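Engineer: What follows is a structure written as structure tokens; I'll ask about it next.
No lab work stands behind these numbers, since they all come straight from the coordinates. Every value quoted in this text rests on a predicted model; they were computed, and no experiment measured them. Every residue, glycine among them, receives a Cβ derived from its backbone with ideal geometry; neighbour counts consider all protein chains shown.
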Amino acid sequence: MKYFISILFFILVQNNTVFSQGISVSEEPGITALMNKYLSKNQVEESVKAWRIQIIATSDRREMQSTKAKFSSLYPHIDLDWKHVAPYYKVAVGAWRDKLSCNAFLGEMKRNFPLAIPVVDNIRKEVLLK
């Protein structure tokens, strides 16, 4: 009986394989146009939304510079970027596609930078691909 069931199963699988090879898929013209528009827009964009860790936001420029120096000495291999959004100087580090990866590094950084928080930022694609 087991032998008969095994043969029957094998025949059914073979028939499914033969029938599935004749399937053709056609795409609606509107879908094709939307996909082409999506692809061209993403090729033009120079930056994407991604995650960084903001290690300080202060109105004191000297404090910002000392924090930058401290971070660069502790993590020389990680990119650092700062902005002046009046009246604050903000220092953000790293570049991650997802928050989970960002949070993994954030846990390590909290020892040296207790005020560090994850933030969403526009990041150049080249930086994110490194």
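Engineer: Among Ile55, Ile123, which comes first, then next, by fewest other beta-carbon atoms within 10 Å? Could you put the intermediate results ahead of the total?
Structural biologist: Details: Ile55 26, Ile123 22.
So the ranking, lowest neighbour count to highest, is Ile123, Ile55.
Engineer: Given H placed on each backbone N at 1.01 Å, which residues far from Asp79 in sequence or on other chains put an amide H within less than 5 Å of it?
Structural biologist: Distant-sequence amide H within range of Asp79: Gly94.
Engineer: While we're looking at this one, here's another question. For a quick check: with amide H placed at 1.01 Å from N, whose amide H comes under 5 Å from Gln54's, ignoring anything fewer than 5 positions away on the same chain?
Structural biologist: When sequence neighbours closer than 5 places are left aside, the close amide H contacts are Val93, Ile117, Val119.
Engineer: Taking the beta-carbon count within 10 Å as an exposure proxy, list His77, His84 from fewest neighbours to most. Don't skip to the end; give the middle numbers.
Structural biologist: On the way: His77 4, His84 10.
Arranged by neighbour count, lowest to highest, His77, His84 become His77, His84.
Engineer: Moving on to the next point. For each pair in Lys41/Lys110; Lys68/Lys99; Lys68/Lys125; Lys49/Lys70, compute the distance between the two Cα atoms and list the pairs where it is over 29 Å.
Structural biologist: Numbers: Lys41/Lys110 37 Å; Lys68/Lys99 23 Å; Lys68/Lys125 23 Å; Lys49/Lys70 27 Å.
Beyond 29 Å between Cα atoms: Lys41/Lys110.
Engineer: Further, regarding this structure: Across the range 100-114, in residue order, what do the Karplus-derived ³J(HN,Hα) couplings come to in whole Hz, using 6.51 cos²θ - 1.76 cosθ + 1.60 with θ = phi - 60° and x for Gly and Pro?
Structural biologist: 4, 5, 4, 5, 4, 6, 4, x, 5, 6, 4, 5, 9, 10, x
Engineer: May I pose another question? What ³J(HN,Hα) values, in whole Hz, does the Karplus curve 6.51 cos²θ - 1.76 cosθ + 1.60 give for the range 52-63 when θ = phi - 60°, with x put for Gly and Pro?
Structural biologist: Those phi angles translate into 10, 10, 8, 8, 7, 9, 9, 8, 9, 4, 5, 5 Hz.
Engineer: While we're looking at this one, here's another question. Output ³J(HN,Hα) for the range 65-82: one whole-Hz value per residue in order, computed from phi by the Karplus curve 6.51 cos²θ - 1.76 cosθ + 1.60 with θ = phi - 60°, and x for Gly and Pro.
Structural biologist: Couplings: 5, 5, 5, 4, 4, 4, 5, 4, 6, 7, 10, x, 8, 10, 5, 10, 9, 10 Hz.
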